[in-house]
Every structure is written in structure tokens, then in C-alpha cells.
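The values are calculated or read from the model by the stated rules, or taken from the named source; none is laboratory data. Just so we're clear, the structure is a prediction, and the values are computed from it rather than from any experiment. FYI the Cβ positions are ideal-geometry reconstructions off the backbone, even for glycines, and counts take in every protein chain you see.
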Amino acid sequence: MTILEVRNLTKRYGEQVAVKDLSFALEEGTATALIGPNGAGKTTTLSMLAGLLRATSGSINWHRESGVGFLPQHPHFFPWMTALEFMEMAAKLSGVHSKNALSQSKKTLEFVGLGSVQNKKTGTFSGGMKQRLGLAQAIVHEPKLLLLDEPVSALDPTGRREIMDLLKSLQPHTTVLYSTHILNDAEQMTDQLLFMQHGKLVEHGSLGEVKERYAEPRIRIRFQ
Ligand code: ATP
């Protein structure tokens, strides 16, 4: 079943076209990498899908009742709050009933491996811990569609693998769309690739298909 359908999505900033005529669909339970170099239009695309940015034209259709989770590229955590306080706030803002917000926050912090530091202030967290906390706030309401803007780009290889494993374990309940400029990340858990350049979708298919069409070394050179 299709969970998200995007048709002819375009975003202009004045003369600049950041995203041009983007069309694709996501099947429920799949993981898709939105891959492309800096400035390709990945953040602009995800921000439109998350409802944070208005498209200039085109349409986005998805089952809103399924819920959507979003992890921005640079999430902000209030440094004076503990991880649990932050999560309770995030849970309530995401529509979790206030009587369930505490238990759901604790469960999600355990899931991302932050259970033992839930009472520490987020200002003391390392980059990797913040990335886990960002993921936790994006999934606390158990959304069916999860949008992640470069969830692992700032992490070392071990941290990257750990976050990708967490994302993998959300399937098939959750459909995941995440952006990256590193092909190796995509290879770990991805069913299909959306390959953007200069705001346009230049390839769409399974990893195998895309590799066949574009000689693998060329993609590696471009993205690593
Ligand atoms: P990165 O990997 O560097 O985050 P990206 O693929 O996410 O890049 P976007 O941030 O979506 O790319 O940017 C796409 C294009 O749109 C870029 O040329 C960028 O300069 C431009 N752009 C993005 N936001 C704005 C804005 N608010 N005003 C004007 N131009 C913008």
C-alpha cells in the first residue's frame, strides 16, 4: 500500500529553484534514502513533507491519521532540561495523551539506549546521544511515517551503524525516509534510493537497480 505520494513538487526561493518537479511514492513499511550532494534539495524536500515549508507547487498526499515523525538536520534541545523532561514535552506536542506521556517517554528513551541517562540534562549530551534523543522525539508517538534529515551524517562509523540498526528495527511498522550524502549508510538498510541533484530527481529505484544504471565507482566518488 502506498503511504506517501508526491507529485510535481516544486520549491522556489525567488529566482532559485531548490526543488523541481519531484514525483515519487513510498510503499508502507519500506526504508528509502534521499541521497544527494550538498545543496541538492534534500532538506527543502523533507521540510515540505513534514509540513514546515510550503511548496510553491505540486501535491503531497499521505494518510495523516497514520502520524508523521520528523527529525530536523539540526534539532534543538533545551540544554537545561533533562532528557526525560524534554521527551515528555515532545510527547505531548506530538499528540500523546498526557496520562501516557511519561511512560511513553521512558519506553522510547530505553529503546534508543538513553534509559540510563534520562535524568541528565541534555546540555551535557554528546553528539551521538543528541542524535539518539532526536530520534526518540521523532518516534515517541509511534508514527507510521518517519522523516529524518541526515540522521547519521555527523556520527562516527559505530554511531552510524547503531542508529541505522535502530531504524531498521522500526520496520515494518514504520515507513522511513531519510536523507544522506553517504552511500554506505544507504546500503545498510535501504529498500530504495531517491537520488537528487540540483533540485531534481535523477534516479529512483532499488539500490541494485541504481548501481546497475550508474557504475558504482561513480556514485562512490560523488558522495564520499
Ligand atoms: P545539505 O546536504 O547541504 O543540507 P540539501 O540537499 O539539504 O543540502 P537544501 O538545504 O534543501 O539542500 O538546499 C537546496 C538549495 O536551496 C540550495 O541551493 C540552497 O542554497 C537553497 N536554499 C535552501 N534554503 C533556502 C532559503 N531559505 N532561501 C534561499 N535559498 C535556499
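To keep it simple, each residue is scored yes or no on (1) farther than 19 Å from H204 by Cβ; (2) assigned to a helix (DSSP H, G or I); (3) at pLDDT below 95; (4) of a type in the set (G, A, S).
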site: V6; (1), (2), (3), (4): no, no, no, no
site: K11; (1), (2), (3), (4): no, no, no, no
site: L46; (1), (2), (3), (4): no, yes, no, no
site: E65; (1), (2), (3), (4): yes, yes, yes, no
site: N100; (1), (2), (3), (4): yes, yes, no, no
site: S103; (1), (2), (3), (4): yes, yes, no, yes
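Answer yes or no: is there a residue in segment 5-19 that is of a type in the set (D, E, K, R), within 12 Å of the ligand (Cβ to nearest atom) and surrounded by 12 or more Cβ atoms within 10 Å (Cβ to Cβ). Yes, because at least one residue in segment 5-19 is of a type in the set (D, E, K, R), within 12 Å of the ligand (Cβ to nearest atom) and surrounded by 12 or more Cβ atoms within 10 Å (Cβ to Cβ). Count of segment 44-91 residues, restricted to those that are touching a helix residue (DSSP H, G or I) at 6+ places or on another chain (Cβ under 9 Å), within 21 Å of L133 (Cα to Cα) and either surrounded by 15 or more Cβ atoms within 10 Å (Cβ to Cβ) or not aromatic (F, W, Y) (or both), is 21. When we screen L46, L71, L52 for residues that are touching a residue at least 12 places away in the same chain (Cβ under 8 Å), within 16 Å of the ligand (Cβ to nearest atom) and within 19 Å of H173 (Cα to Cα), the only hit is L71. Once segment 113-138 is narrowed to residues that are in contact with a helix residue (DSSP H, G or I) (Cβ under 7 Å, 6 or more places away or on another chain) and in contact (Cβ under 8 Å) with a residue 60 or more places away in the chain, the residue that is nearest to D165 (Cα to Cα) is L135.
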